[in-house]
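The values are calculated or read from the model by the stated rules, or taken from the named source; none is laboratory data. The structure presented is a predicted model; accordingly, all values stated were derived computationally and were not measured. Neighbour counts run over all protein chains shown; Cβ positions are idealised from the backbone, glycine included.
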Amino acid sequence: MTIFIASLYGPWRLDLSLDISLTSDDRYLPKTVHYDLPGTPPHSDPNELVSGVKKAIKQDADDMRPSLFKRPRAEVTPPETPVEEQALDPFANEDGLRIQLPREKQPQRRGGPADRSSPTWGARHDQPTSRASSPPPASLIQRTIMKAEELGRRGITQPRSKQRSESHDRVFKHANWRIVPSDQGNGGLRNAADAAARDSEFGGDYTWVGTLGMPTGSLDPLRKQEIEDKLVTEHDMLPVFCDDTDFDGHYAHFCKQILWPVFHYQIPDNPKSKAYEDHSWKHYEKVNQDFADIIVKNWKRGDVVWVHDYHLLLVPGMVRAKLPDAKIGFFLHVAFPSSEIFRCVAMRKQLLEGMMGANLVGFQIHEYSRHFLQTCSRILNVEATTDGLELEDRFVDVVNLAIGIDPVNLSLSRQDEEVHKWIQIMQERYEGKKLIVARDKLDHVRGVRQKLLSYELFLNKNPEWRGKIVLIQVALSTSEKTELDATVSDIVTRVNSTWANLAYQPVVYLKQDIDYAQYLALLTMADALMITSQREGMNLTSHEFIFCQDGKTPDGKKHGSLILSEFAGTSSIFGDHQLSVNPWDYRSCANAIKEAIEMGQEEKGRRWENLYEAILHHNGAHWCSEFLTRLDRVYDEQHRRDNTAVPRLSMNRLTKQYQQSTRRLFILDYEGTLVSWGPVNQIIPVSPQRPLDVLSDLLLDPANTVYVMSGRRPEELDRLFKRVATLGLIAENGCFLKDCGTDAWTEMADPVHTRKWKQSVQGIMTYYLERTPGSEIEERRCSLIFHYKSAEDYEAASRQASDCAAHINDACEDQRVHAIPLDGCIIVEPIDWTKTTAAERIFDDLKAGMKPDSSHTSPVDFLMVVGDGREDEKVFKWANALADDKTVREVVTVSLGNRSTEAKATLTQGVSGVLAALQKLASL
C-alpha cells in the first residue's frame with residue numbers, strides 16, 4: 001500500500017548549479033558552482049574567474065545572512081530595522097510553519113535585496129525564470145545575460161528581449177542540477193509526516209506529490225523526464241509540472257487574492273483587490289487537474305490519497321470522478337469560515353463538491369468542522385449530521401484533529417552548538433531585560449499592528465518597565481509594500497523614538513526571517529511569546545515556544561508565559577492555561593503583557609506543565625496516525641454501506657432463518673416500503689388494502705410481533721390501520737408509540753419541551769414563509785415541516801429553505817432539534833426521539849415482559865427491519881449491533897433505497913418485493 005501525500009509544495013527543490021567554463025564549444029561542465037559575474041573582466045583567466053566567483057559567493061552569503069545581531073557583539077545597541085523587502089516566494093514557508101531539517105541538509109540561504117519589478121515566482125538567479133511573465137524582465141536574468149555575453153554568445157542582432165529569453169534558456173538548459181532538501185512549503189505537514197515515518201506510524205510506504213519549488217515552463221521535455229525519473233527512483237516522490245501561467249494564476253491570484261482572505265474572514269472586495277475570479281479560476285482548476293492526473297496515473301488498488309490544504313480543494317472530487325473506489329482523505333490546515341463568509345465566493349459549490357470527493361474531511365478544531373457542515377447544508381442543501389454529510393449515494397465523514405510539532409526532531413535541533421552560541425549572545429545582549437518575542441507573516445491576518453499598538457499602550461501605562469523590556473518582532477515579508485507595512489513601520493518608529501536611548505531600544509523589528517538556530521535561541525530565552533492573530537488555522541510557533549521553555553538554559557531560567565489570541569486554533573486545545581487575548585482589545589492585550597512578565601514562577605510552572613502535556617499529546621506523529629486510522633475505518637464503513645456492495649435479499653436464507661426461530665419481531669417502514677410514496681401532506685397516499693392483508697396474515701402467527709413506523713401523525717396511522725388490532729405503531733418518526741393490542745398512544749417526547757422549541761422554530765419559519773410565495777408550514781405534534789415544492793420560483797425557494805435550515809440549526813442547537821433538508825421541504829424534529837429510540841423502547845419492553853423462569857436471554861431470536869429512507873438507517877445500525885454482540889441470533893436488515901445504507905441486504909423489486917417476501921413468510 002502506498003500513501004500519496006498531495007500538497008502544493010513538495011519536500012524538495014531542484015538546485016541548478018551553473019558551471020563556469022570558458023571552453024570554445026560553450027558547453028557547461030558538471031560542476032556544482034554557483035556563479036556571480038558582475039564586474040568581472042570578459043577575458044579573465046578561467047581559474048582566476050572561478051576562484052573569484054567562489055570568494056564573491058562566500059562573502060555575499062556571509063554579508064546577507066539574516067541575523068538578529070549584525071553589529072559586533074561588544075556593541076549594546078540592537079540592530080537597525082531593515083528597510084529592504086524580500087519578494088514573495090510562493091514556495092516560502094507558508095503560514096509561518098517551520099521545517100526542521102537536519103543542519104547538514106539545510107540549504108544555504110540566498111541574501112540580497114529583491115528587485116520589486118520582478119514576478120513573484122522564480123525570482124532567483126540560480127533557477128529558471130517563470131514563463132508567466134515572458135520574456136523575463138532584465139533585472140531577473142542580469143547575471144545570466146552577463147554570463148552569456150562573457151562567453152561570447154551570438155545573436156546580437158536579435159531584439160533585446162528575445163536575446164535575453166533565449167540566453168536564459170540556453171544557460172539553464174545545460175546547467176548541472178541536483179536534488180536537495182528544501183526548507184520551503186508547509187512545515188507542519190512535513191514535520192508530521194517525517195515523524196510518523198520515523199515512528200513507523202504509517203501503514204505502508206508514502207509518496208509525496210507536489211510541485212518542484214521552481215518554474216518549469218522553460219525546461220525541455222527531456223530535462224523534465226530526467227528530473228522525474230530521479231525523484232521517483234531515488235526519492236520516491238512524484239513531481240507535478242504545472243504550466244507557469246497556470247501556477248501564477250492559481251497561486252498568486254486565486255489562492256492568495258481570493259481563498260486566503262475568505263478563509264480568514266476577509267472579503268476580497270476592496271478597490272485595490274486583485275481578485276479576478278473569472279480569470280484565475282480556470283488556472284486553479286488546471287493546477288488541481290494536474291495533481292489529480294498524476295495521482296490517478298500512479299494509483300493502485302489499496303493505495304491511499306491524502307490531499308492537503310486550500311490550494312487543492314478540487315483534487316478529491318477530481319480523483320473520485322476517475323477512481324470511484326479510491327480511499328481519499330482531505331485535510332484543511334487553515335481556518336474554515338462561517339457560511340455567511342464562504343457563500344460570497346462565486347465558485348462556492350464547486351469548491352465544496354471538490355472537498356466532498358473525500359471519504360474523510362479533516363479540520364484543525366471543532367469550530368472549523370462545524371462551519372463546514374453548516375456551509376454544505378446551506379449552500380448544497382445536503383443533510384449535515386454531527387459525524388458528517390449524508391449524501392444520496394454515500395456518506396462523507398468530517399473530523400477535527402489538531403496538528404502538532406515533532407518533539408523528537410525539535411529536541412535534537414536544540415542541541416546544536418549554533419543554538420547554544422546564540423543563547424549566550426542573547427544572555428549578554430539582553431541581560432537584565434524581559435524579552436517578548438514574536439514571529440509572524442506581515443499581513444492583516446497575523447495582527448502585527450494590533451500587537452505593536454498594545455505594546456505601546458503597555459509602555460504608556462507602565463513607565464516602571466521602560467528600559468527593562470524589549471519586544472523582538474520578526475516579520476516575514478509579503479509580496480509588495482502595503483498600507484499595513486507603512487503603518488507597522490510608523491508604530492515601530494514612534495515607539496523607538498519615544499523611549500529609546502543609546503543603550504536601549506524597546507522594539508527590535510526585523511522584516512525578514514532569521515536562521516533556525518537564532519529562532520530556537522529566541523524561543524528559549526524569551527520571557528513571553530505574543531501571538532495576536534485575527535484568525536489562524538493552528539499556529540505551531542506557540543507549540544515550539546512551550547517545548548523550548550523547559551528551563552534547560554545556561555542560567556537556569558524558568559518557564560515563560562504564552563500570550564495567545566483566542567482566534568488562533570491552538571487556543572482551543574490549550575485549556576485556558578495560556579493568557580488568552582482579543583487582538584482588537586488593546587487594553588486587555590497590554591494587561592496580558594504586564595501579567596506575563598510579572599507572573600510568579602510557581603504560576604508560570606503550573607501553566608507550563610499543562611501546556612507542555614497538551615503539545616506532547618497533540619504531536620505531529622499522533623496527528624498523522626490518527627487521521628489515517630480514521631480514514632481506514634470510515635472507508636470500510638462507507639464501502640460496506642455502498643448500495644452496489646450490499647447483496648440482494650436471499651429468500652431461501654430468509655425462509656430458513658424464519659422457520660428456525662420461535663420469537664420474531666418485525667419493524668417495517670410505511671411510506672416507500674409498504675406503500676408507494678405519495679405527497680407527504682396527504683392523509684392516505686395510496687390504497688393500503690394489500691399491505692393490510694399482508695400484515696394481518698403475518699400477525700396470525702402468535703410468535704410474530706409487528707410494528708409499523710412512519711413520519712405521519714398518530715391519528716392518521718389510526719385511520720390507516722384500524723382494521724389490524726394487534727399491530728404496533730410508531731408515529732412521527734419515533735415521537736409517539738402505540739404498543740400491540742392497545743388503543744392508547746405513548747408520547748415519547750416531552751410535551752413541555754416540544755412547545756418551547758416549536759415557538760422558536762415557528763418564528764424563524766414564518767420569516768422565510770413570508771419571503772417564499774407558494775410555500776407553507778405544516779405542524780405536526782412533534783415536528784414542523786416547511787414545504788416549498790409548490791413555490792412560484794422553486795430555485796429561489798430552495799435557497800430560502802437552505803437558509804432557513806441553517807438558521808434553525810444555528811439558533812436552536814441548544815434546544816436539541818435539527819432541520820433536515822428533504823425533497824421539496826425541510827423537516828424540523830427532535831434529536832433525542834427517533835425511530836431508533838422507539839425501537840429500543842419496544843425491545844426493552846419485550847425483554848421486561850419475559851417470564852421470570854425463561855431460559856432465554858433475549859425476548860426475540862429473529863429481528864427483521866425494512867425501510868427505505870434516511871430515518872431508517874439508524875434503525876438498521878441499531879439492529880446490526882444486536883447481531884454483532886449476539887443479543888439476537890438472527891437479524892435481517894433490508895433497504896429499498898438507492899442511497900448508501902447500513903442494511904445488510906437490498907430488495908430491488910421495491911414495495912411489491914417487500915409485500916411478496918412478507919406474504920411468503922406468513923404462509924409458512
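Considering (1) more than 26 Å from residue 432 (Cα to Cα); (2) surrounded by fewer than 20 Cβ atoms within 10 Å (Cβ to Cβ), the lone condition that residue 540 does not fulfil carries the number (2). Look at the range 664-677: where a residue is in the same structural domain as residue 712 (by TED's automatic domain parsing) and of a type in the set (Asp, Glu) and a partner is surrounded by 20 or more Cβ atoms within 10 Å (Cβ to Cβ) and outside any strand (DSSP E or B), sitting 6+ places away or on another chain with Cβ atoms under 6 Å, you get 669/872.
So for the range 313-320 (the condition being of a type outside the set (Val, Ile, Thr), assigned by TED's automatic domain parsing to the domain that holds residue 228 and surrounded by fewer than 21 Cβ atoms within 10 Å (Cβ to Cβ)), does at least one residue qualify? Full working, then the answer.
Going through the range 313-320, the residues of a type outside the set (Val, Ile, Thr) turn out to be 313-314, 316-318, 320.
Subset that is assigned by TED's automatic domain parsing to the domain that holds residue 228: 313-314, 316-318, 320.
Those left that are additionally surrounded by fewer than 21 Cβ atoms within 10 Å (Cβ to Cβ): none.
Scanning the range 313-320, I find no residue that is of a type outside the set (Val, Ile, Thr), assigned by TED's automatic domain parsing to the domain that holds residue 228 and surrounded by fewer than 21 Cβ atoms within 10 Å (Cβ to Cβ), so the answer is no.
Residue 724 passes every criterion in (1) outside any loop (DSSP other than H, G, I, E, B); (2) more than 23 Å from residue 809 (Cα to Cα); (3) touching a helix residue (DSSP H, G or I) at 6+ places or on another chain (Cβ under 8 Å) apart from (1).
Any residue in the range 360-376 that is in the same structural domain as residue 192 (by TED's automatic domain parsing), within 19 Å of residue 309 (Cα to Cα) and over 15 Å from the mean Cα position of the chain (by Cα)?
From the range 360-376, those in the same structural domain as residue 192 (by TED's automatic domain parsing) are 360-376; that's our starting set.
Remaining after also requiring within 19 Å of residue 309 (Cα to Cα): 360-373, 375-376.
After this cut, where a residue has to be over 15 Å from the mean Cα position of the chain (by Cα) as well, the list is none.
No: zero hits.
With the structure loaded, tell me whether residue 566 is farther than 27 Å from residue 198 by Cα, out of contact with any Pro (no Cβ under 8 Å at 6 or more places or on another chain), free of Cβ contacts under 8 Å to residues at least 40 places away in the same chain and surrounded by fewer than 23 Cβ atoms within 10 Å (Cβ to Cβ) or whether it fails that test. Judged against the criteria, residue 566 is a match. Selection of first residues in the range 880-900 that are more than 21 Å from residue 918 (Cα to Cα) and of second residues that are among the aromatic types (Phe, Trp, Tyr), restricted to Cβ pairs under 6 Å at least 6 apart or on distinct chains, gives the following pairs, ordered by first then second residue: 900/395. Listed here are the strands (runs of 3 or more DSSP E) enclosed by the range 757-834 that have at least 1 residues being within 35 Å of the chain's Cα centre (by Cα): 784-787, 817-822, 825-830.
Quick check on the range 456-478. Is at least one of its residues under 25 Å from residue 541 (Cβ atoms), part of a helix (DSSP H, G or I) and among the small types (Gly, Ala, Ser)? Break it down into steps so the answer makes sense when it comes.
Restricting attention to the range 456-478, the residues satisfying the condition of being under 25 Å from residue 541 (Cβ atoms) are 456-459, 465, 468-478.
Retained after the next criterion (residues that are part of a helix (DSSP H, G or I)): 456-459, 465.
Narrowing the set further to residues that are among the small types (Gly, Ala, Ser) leaves none.
For the range 456-478, residues under 25 Å from residue 541 (Cβ atoms), part of a helix (DSSP H, G or I) and among the small types (Gly, Ala, Ser): absent.
Each residue in the range 718-738 was checked for being aliphatic (A, V, I, L, M) and either over 17 Å from residue 690 (Cβ atoms) or touching a Cys at 6+ places or on another chain (Cβ under 6 Å) (or both), and 5 pass. Looking for something farther than 17 Å from residue 829 by Cβ and either of a type outside the set (Val, Ile, Thr) or touching a residue at least 12 places away in the same chain (Cβ under 8 Å) (or both) - is there at least one such residue anywhere in the range 729-738? Looking through the range 729-738, at least one residue is farther than 17 Å from residue 829 by Cβ and either of a type outside the set (Val, Ile, Thr) or touching a residue at least 12 places away in the same chain (Cβ under 8 Å) (or both).
Based on what the data block shows, is residue 445 β-branched (Val, Ile, Thr) and part of a helix (DSSP H, G or I)? Outline the logic, then answer.
Numbers: β-branched (Val, Ile, Thr): yes; part of a helix (DSSP H, G or I): yes.
Criteria met by residue 445.
Identify the residue in the range 727-749 that is assigned to a loop (DSSP other than H, G, I, E, B), surrounded by fewer than 15 Cβ atoms within 10 Å (Cβ to Cβ) and of a type outside the set (A, V, I, L, M) and, among all such residues, is modelled with the lowest pLDDT. Let's see the steps before the verdict.
Of the residues in the range 727-749, the ones assigned to a loop (DSSP other than H, G, I, E, B) are 727, 735, 739-745, 748-749.
Of the ones still in play, those that are also surrounded by fewer than 15 Cβ atoms within 10 Å (Cβ to Cβ) are 741-744.
The next check asks that each one be of a type outside the set (A, V, I, L, M); those that pass are 741-743.
Working: 741: 84, 742: 88, 743: 87.
Ranking the candidates gives 741 first.
What do you reckon, is residue 300 surrounded by fewer than 16 Cβ atoms within 10 Å (Cβ to Cβ), at pLDDT below 95 and within 18 Å of residue 249 (Cα to Cα)? Against the criterion (surrounded by fewer than 16 Cβ atoms within 10 Å (Cβ to Cβ), at pLDDT below 95 and within 18 Å of residue 249 (Cα to Cα)), residue 300 does not qualify. Checked against (1) closer than 29 Å to residue 388 by Cα; (2) surrounded by fewer than 16 Cβ atoms within 10 Å (Cβ to Cβ); (3) over 41 Å from the mean Cα position of the chain (by Cα), residue 843 passes all but condition (2). Please indicate, with yes or no, whether at least one residue in the range 238-249 is at pLDDT below 85, in the same structural domain as residue 313 (by TED's automatic domain parsing) and not β-branched (Val, Ile, Thr). Within the range 238-249, not a single residue is at pLDDT below 85, in the same structural domain as residue 313 (by TED's automatic domain parsing) and not β-branched (Val, Ile, Thr). Within the range 206-220, the set of residues being modelled with pLDDT of 85 or more, out of contact with any Phe, Trp or Tyr (no Cβ under 6 Å at 6 or more places or on another chain) and over 30 Å from residue 534 (Cβ atoms) comprises just one member, 208. Candidates 654, 562, 611, 579: the one that is closer than 30 Å to residue 390 by Cβ, touching a strand residue (DSSP E or B) at 6+ places or on another chain (Cβ under 8 Å) and either at pLDDT 95 or above or among the aliphatic types (A, V, I, L, M) (or both) is 654.
Against the numbered list (1) more than 41 Å from the chain's Cα centre (by Cα); (2) assigned to a loop (DSSP other than H, G, I, E, B); (3) among the β-branched types (Val, Ile, Thr), residue 708 comes up short only at (2).
Residues checked against (1) buried (at least 16 other Cβ atoms within 10 Å of the Cβ); (2) more than 19 Å from residue 388 (Cα to Cα); (3) not assigned by TED's automatic domain parsing to the domain that holds residue 455:
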{"site": "596", "(1), (2), (3)": "yes, yes, no"}
{"site": "607", "(1), (2), (3)": "yes, yes, no"}
{"site": "627", "(1), (2), (3)": "yes, no, yes"}
{"site": "633", "(1), (2), (3)": "no, no, yes"}
